[in-house]
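Chemist: Just dropping this structure here.
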């Protein structure tokens, strides 16, 4: 039977595609050994309390799953039997609420919802037998969540300790157009050569996600501090005293300020308003200088740093034609004003990227949702650059 206090419980951490290497380094930096990886997840081990720490600290993850049981499962009836054998009343309160999610790929199940129903029935039937009442269930992901992974004839069941995905970092109340996911923005910055000690300039900032993630990284503020609800809070093993201790330890590592500039600019008032409000929610608005200006006229501090841009991709033909000029002008901007910086363009349109007209030093593969994307790195050699903002 699972011992939540033991340090050798299997913990599976999931992420978006092409982020696994960055997530692996994150997990290792927190002192955990990575046992196995695939393109969307990795395996480590620890106690239930370790899942709380991982949820608190990880910037590039989606879910932290605490393993309960794995078993051979050739039929839905076996699924029910094996799960009914678990002492669910140790984990889930009889007056609680559960939501079942899962991944199912086998010859027995045509609809994942059927498998999820079997899981729910096994759990509530067992709790009913033990306690005389059963928890409610449904689609609400803000309380106890259970995750089923059933591939072929092998099934595993987990407590989803994250609940709603931790790829959302809790500050983006005002999105603008089609912003990058917070975890993806963090991953692209972590994949860059930014040292968290030099200028970070984010023209075309949109809702401010890149600049906000840069600020959070710069002061070592972990995203879990911005969130007040996780899946682990709704199971019987949750220790609120241990959780408060973990939060205080994380808060003690936050730097009070920075000695370089983070600049976010956009020509749109709506975008800047969204970015400023989001930064305020994240508690980093005092660290970011916001400018209403065309990207070509943004302030570039004299010291070295990085320029991070996420221009539109152009999903329709007319848009692509218009954006060809934009990408070409970004290349001119890099050449004329950004000498000495490292330039980064994140784009999901590789044909448009050719219009930049500069040789890339690296082309790092990502996905933005289902869009094949690249983080393009440019080393912008040269002498001095203009740092004064031109008149609007």
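The values are calculated or read from the model by the stated rules, or taken from the named source; none is laboratory data. Given the structure is predicted, the values throughout are model-derived calculations rather than measurements. Cβ sites come from the backbone with ideal geometry, for glycine too, and all protein chains shown count toward neighbours.
Chemist: So residue 352 passes all but one of these: (1) out of contact with any helix residue (DSSP H, G or I) (no Cβ under 6 Å at 6 or more places or on another chain); (2) more than 13 Å from residue 200 (Cβ to Cβ). Which condition number does it fail?
Modeler: For residue 352, the exception is condition (1).
Chemist: Quick one: is residue 139 exposed (fewer than 14 other Cβ atoms within 10 Å of the Cβ), outside the structural domain of residue 61 (by TED's automatic domain parsing) and either at pLDDT 95 or above or assigned to a loop (DSSP other than H, G, I, E, B) (or both)? Even if it seems obvious, please write down each step before you answer.
Modeler: Working: exposed (fewer than 14 other Cβ atoms within 10 Å of the Cβ): yes; outside the structural domain of residue 61 (by TED's automatic domain parsing): no; either at pLDDT 95 or above or assigned to a loop (DSSP other than H, G, I, E, B) (or both): yes.
When the stated conditions are applied, residue 139 does not pass them.
Chemist: Is it the case that the range 190-203 has a residue that's at negative phi and in a helix (DSSP H, G or I)?
Modeler: yes
Chemist: Please state which of the following conditions residue 312 fails to meet, knowing it meets all the rest: (1) at pLDDT 95 or above; (2) closer than 24 Å to residue 276 by Cβ; (3) in contact with a helix residue (DSSP H, G or I) (Cβ under 8 Å, 6 or more places away or on another chain).
Modeler: Failing condition for residue 312: (1).
Chemist: Now for a separate question. Given the conditions (1) assigned to a helix (DSSP H, G or I); (2) surrounded by fewer than 17 Cβ atoms within 10 Å (Cβ to Cβ); (3) touching a strand residue (DSSP E or B) at 6+ places or on another chain (Cβ under 7 Å), report the number of the one that residue 242 does not fulfil.
Modeler: Residue 242 satisfies every listed condition except (3).
Chemist: If you don't mind, another one. Being more than 29 Å from residue 22 (Cβ to Cβ) and either touching a helix residue (DSSP H, G or I) at 6+ places or on another chain (Cβ under 6 Å) or modelled with pLDDT of 95 or more (or both) is the requirement here; does residue 335 meet it?
Modeler: no
Chemist: Looking at (1) under 30 Å from residue 281 (Cα atoms); (2) in contact with a helix residue (DSSP H, G or I) (Cβ under 8 Å, 6 or more places away or on another chain); (3) at pLDDT 95 or above, find the lone condition where residue 172 falls short.
Modeler: (3)
Chemist: Only one residue in 345, 307 is in contact with a helix residue (DSSP H, G or I) (Cβ under 8 Å, 6 or more places away or on another chain), at pLDDT 95 or above and under 13 Å from residue 199 (Cβ atoms). Which one?
Modeler: Unique residue meeting the criteria: 307.
Chemist: Next question. Just to be sure before I move on: is residue 267 buried (at least 20 other Cβ atoms within 10 Å of the Cβ) and more than 30 Å from residue 137 (Cα to Cα) in the structure I sent? Break it down into steps so the answer makes sense when it comes.
Modeler: On the way: buried (at least 20 other Cβ atoms within 10 Å of the Cβ): no; more than 30 Å from residue 137 (Cα to Cα): yes.
So residue 267 fails the test.
Chemist: Which of the residues that make up the range 111-136 are in a helix (DSSP H, G or I) and crowded, with 19+ Cβ neighbours inside 10 Å?
Modeler: First, pick out the residues of the range 111-136 that are in a helix (DSSP H, G or I): 112-131.
If the condition is that a residue be in a helix (DSSP H, G or I) and crowded, with 19+ Cβ neighbours inside 10 Å, then 115, 116, 118, 119, 120, 122, 123, 124, 126, 127 are the ones that fit.
Chemist: Quick one: which of 79, 65, 83 is within 16 Å of residue 231 (Cβ to Cβ) and either touching a residue at least 12 places away in the same chain (Cβ under 8 Å) or not in a strand (DSSP E or B) (or both)?
Modeler: Going through 79, 65, 83 in turn, just one is within 16 Å of residue 231 (Cβ to Cβ) and either touching a residue at least 12 places away in the same chain (Cβ under 8 Å) or not in a strand (DSSP E or B) (or both): 65.
Chemist: Kindly indicate whether any position in the range 154-167 is surrounded by fewer than 20 Cβ atoms within 10 Å (Cβ to Cβ), closer than 30 Å to residue 312 by Cα, under 19 Å from the mean Cα position of the chain (by Cα) and touching a residue at least 12 places away in the same chain (Cβ under 8 Å).
Modeler: Yes, there is a match, as at least one residue in the range 154-167 is surrounded by fewer than 20 Cβ atoms within 10 Å (Cβ to Cβ), closer than 30 Å to residue 312 by Cα, under 19 Å from the mean Cα position of the chain (by Cα) and touching a residue at least 12 places away in the same chain (Cβ under 8 Å).
Chemist: Please give the number of the condition residue 108 fails out of (1) touching a residue at least 40 places away in the same chain (Cβ under 8 Å); (2) surrounded by 15 or more Cβ atoms within 10 Å (Cβ to Cβ).
Modeler: (1)
Chemist: Any chance the range 153-162 includes a residue that's on the phi > 0 side of the Ramachandran plot and modelled with pLDDT under 95?
Modeler: no
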